[in-house]
Amino acid sequence: MTDHRRYVLTGAPGAGKTTLVEALRRRGHLVVREAATDIIAARQAQGCSEPWREPGFVDAVARLQHRRRITADPRGTLQIHDRSPLCTLALARHLGQRVGPYLAAELERISRQGTYQEAVFLIGPLGFVTHTAARRIGYAESLVFAQVHEQVYEAYGHRLVDVPAGPVRERVAVVEEHLLRPS
């Protein structure tokens, strides 16, 4: 098996993670898309307006994250993940939902295997949140949600690397500076 270096981007909803991930992809990095947004879009297309309220939502997100992680390009030893199962745990806590069996097993697995690098990129908020069909959170609530992410990652032994708000090129430079360091 290839020795992967998997890095995670996390932070408040609307902080610019997707834009940053796309910029990193254009620069040649292997990126793994966020799962929750795709689950939400699929369920909304089926007529469910707020799929995050469904009891199996967090497990569905964890399943898709797992599937994407194991099917990512095997030649890509350095991967950048737009969120991880630890973000899904933060989501469950923020929503007041229980951790389902699949997410619990996935959290145990990634902890045991050391799946993700110790350094996790915390994408700083932009000062506003643009509402979408999948993102119906206000700015103040997004900051609270970001704190839950920070607490979860720190509790699991990760070191948060601050990626402050700013132009995308500056954010890319912060991330790449850490990616290029010897592990």
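Per-residue answers, yes or no, for (1) surrounded by 18 or more Cβ atoms within 10 Å (Cβ to Cβ); (2) over 19 Å from Thr19 (Cβ atoms):
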| site | (1), (2) |
| --- | --- |
| Gly96 | no, yes |
| Gly114 | no, yes |
| Gln117 | yes, yes |
| Ala146 | yes, no |
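Give Leu78, Leu91, Leu103 a once-over and let me know the one that is in contact (Cβ under 8 Å) with a residue 60 or more places away in the chain and not basic (Lys, Arg).
Unique residue meeting the criteria: Leu78.
So which pairs qualify, if the first residue must be in segment 160-181 and among the aromatic types (Phe, Trp, Tyr), the second must be surrounded by 17 or more Cβ atoms within 10 Å (Cβ to Cβ) and part of a helix (DSSP H, G or I), the Cβ gap must be under 7 Å, and the two must be at least 6 apart or on different chains?
Listed pairs, sorted by first residue: none to list.
If you take the residues of segment 35-92 that are buried (at least 18 other Cβ atoms within 10 Å of the Cβ) and of a type in the set (S, T, N, Q), which of them is farthest from the chain's Cα centre (by Cα)?
Gln79
Please pick out the residue among Arg93, Arg67 that is over 27 Å from Val144 (Cβ atoms) and charged (D, E, K, R).
Arg67
If Leu20 satisfies every condition in (1) surrounded by 22 or more Cβ atoms within 10 Å (Cβ to Cβ); (2) farther than 17 Å from Arg136 by Cβ; (3) modelled with pLDDT under 90; (4) not charged (D, E, K, R) but one, which is the exception?
With respect to (1) surrounded by 22 or more Cβ atoms within 10 Å (Cβ to Cβ); (2) farther than 17 Å from Arg136 by Cβ; (3) modelled with pLDDT under 90; (4) not charged (D, E, K, R), Leu20 is out only on (3).
Of all residues in segment 22-55, which are part of a helix (DSSP H, G or I) and over 18 Å from Leu91 (Cβ atoms)?
Glu22, Ala23, Leu24, Arg25, Arg26, Ala45
Considering only segment 104-126, state which residues are hydrophobic (A, V, I, L, M, F, W, C) and under 30 Å from Glu176 (Cα atoms).
Leu107, Ile110, Ala119, Val120, Phe121, Leu122, Ile123, Leu126
Output the qualifying pairs, or none if there are none: Cβ atoms under 9 angstrom, residues six or more apart or on different chains, first residue in segment 7-20 and among the charged types (D, E, K, R), second residue part of a strand (DSSP E or B).
Lys17/Leu9; Lys17/Thr10; Lys17/Gly11; Lys17/Asp82; Lys17/Phe121; Lys17/Ile123
Can you pull out every residue in segment 29-69 that is free of Cβ contacts under 8 Å to residues at least 12 places away in the same chain and under 20 Å from Thr10 (Cβ atoms)?
Arg67
The values are calculated or read from the model by the stated rules, or taken from the named source; none is laboratory data. Treat the numbers as computed from the prediction; the structure is a model and nothing was measured. Neighbour counts are summed over all protein chains in view; Cβ atoms, including those assigned to glycine, are modelled from backbone coordinates with ideal geometry.
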